[in-house]
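**Q** What follows is a single structure, and I will ask about it in a moment.
The values are calculated or read from the model by the stated rules, or taken from the named source; none is laboratory data. Small disclaimer: the values here were computed from a predicted structure and weren't measured. No Cβ is skipped: glycine too gets one built from the backbone with ideal geometry, and neighbour counts run over all protein chains shown.
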Amino acid sequence: MINLFLVMASVAFAGNIPAGAPTVNTGEVRIRAFNEMQDLSALAEIREAGQADNQQYQSILLGTYYHLNDHWRAGVFYQRQYGVRHDEDWQKDTVTGWGWINTSQRGEDLAVIDLSPKLHLGFLPGETWTLEFKNRYEYNFFDQDQNLHLRQTLTYFWLKQDQPFLHFFLQCEQVFPLNYGVMPINEQWTYLGMVYQRSESVQLGFFAATQWQSWANTSQFSAQTGNSYVVSAGSNVLGFLAIFKMGNHD
């Protein structure tokens, strides 16, 4: 009888802790449109991607970059996103028990500030390499979460008749939660891609990426259950990228 009680207790204990999800294979589409106006670059970006648990991520980003000089640009943006999973989305349903709520239809509004220096690496073979360090701060008005995105991009430009023809990029990104969570980094991306410059106005490309993300218990969960956890999930992504440029291309 005691052994049966212990087994039942252990099952109940495990039932309120989320399990780590297996790595999923998914796809993503990114479309960007720039309007160049002297020192300003207006940007509109649309993203859509599949996720684990039949969730769908969607996002639209609107704003403007200001080119401080040839190597620095700063931007301010508004973002609307759907399908993002937060720590507090692990909840108990009165019928089904503990589980992740599906957020594919939940909209969230963000303010984004971007500062991105770029270096020309003329000492490398070919002399057409650049290295960009993107620093992006975001504030989520939905739950007041604040994140710092650091992204490093190494790009090689293949010129044809002294004009850009193809470029290849390797990109790494880390997401640092600033006011929540227990992990110093809760999301990481690694990208490898290629972009074909069809014309001055149109660029088309593909990329492959690996992604890792973690979630941790909230203080409300710990107070309610007396338990704590950290779980993670990963994905392999094949993506399509389209870039459209208008205005002054100089």
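**Q** Please enumerate the residues belonging to region 114-123 that are under 30 Å from residue 85 (Cβ atoms), more than 15 Å from the chain's Cα centre (by Cα) and not polar (S, T, N, Q).
**A** 115
**Q** Could you grab me the full set of residues in region 53-94 that are under 13 Å from the mean Cα position of the chain (by Cα) and either among the polar types (S, T, N, Q) or on the phi > 0 side of the Ramachandran plot (or both)?
**A** Within region 53-94, 58, 59, 79, 81, 83 qualify.
**Q** For region 210-229, which positions are within 19 Å of residue 145 (Cα to Cα), part of a strand (DSSP E or B) and either more than 22 Å from the chain's Cα centre (by Cα) or hydroxyl-bearing (Ser, Thr, Tyr) (or both)?
**A** Matches in region 210-229: 214 only.
**Q** Applying the selection to region 22-46, what residues are free of Cβ contacts under 8 Å to residues at least 60 places away in the same chain and either under 17 Å from residue 240 (Cα atoms) or among the β-branched types (Val, Ile, Thr) (or both)?
**A** Answer for region 22-46, where residues must be free of Cβ contacts under 8 Å to residues at least 60 places away in the same chain and either under 17 Å from residue 240 (Cα atoms) or among the β-branched types (Val, Ile, Thr) (or both): 44, 45, 46.
Here's the yes/no breakdown for (1) among the hydrophobic types (A, V, I, L, M, F, W, C); (2) closer than 26 Å to residue 52 by Cα:
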| site | (1), (2) |
| --- | --- |
| 124 | yes, no |
| 128 | no, no |
| 139 | no, yes |
| 143 | no, yes |
| 159 | yes, no |
| 171 | no, yes |
| 190 | no, yes |
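**Q** Let me confirm something: among 3, 25, which residue is assigned to a strand (DSSP E or B) and modelled with pLDDT under 95?
**A** Selected residue: 25, the only one of 3, 25 that is assigned to a strand (DSSP E or B) and modelled with pLDDT under 95.
**Q** Kindly list, by first and then second residue, each pair from a residue in region 138-161 that is under 30 Å from residue 200 (Cα atoms) to a residue that is of a type in the set (Val, Ile, Thr) and surrounded by fewer than 17 Cβ atoms within 10 Å (Cβ to Cβ), limited to pairs with Cβ atoms under 9 Å and residues at least 6 apart or on different chains.
**A** Going by the 9 Å Cβ cut-off, the qualifying pairs are 155/128; 156/128; 157/128; 158/128; 159/128.
Yes/no per residue for (1) under 18 Å from residue 186 (Cβ atoms); (2) touching a Ser or Thr at 6+ places or on another chain (Cβ under 8 Å):
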| residue | (1), (2) |
| --- | --- |
| 87 | yes, yes |
| 98 | no, no |
| 101 | no, no |
| 111 | no, no |
| 117 | no, no |
| 123 | no, no |
| 130 | no, yes |
| 147 | yes, no |
| 154 | no, yes |
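**Q** Within region 219-226, does at least one residue satisfy the condition of being out of contact with any Pro (no Cβ under 9 Å at 6 or more places or on another chain), under 19 Å from residue 53 (Cα atoms) and among the hydrophobic types (A, V, I, L, M, F, W, C)?
**A** No; the residues of region 219-226 include none that is out of contact with any Pro (no Cβ under 9 Å at 6 or more places or on another chain), under 19 Å from residue 53 (Cα atoms) and among the hydrophobic types (A, V, I, L, M, F, W, C).
**Q** So, in region 92-134, exactly how many residues are exposed (fewer than 13 other Cβ atoms within 10 Å of the Cβ) and outside any loop (DSSP other than H, G, I, E, B)?
**A** So the count comes out to 5.
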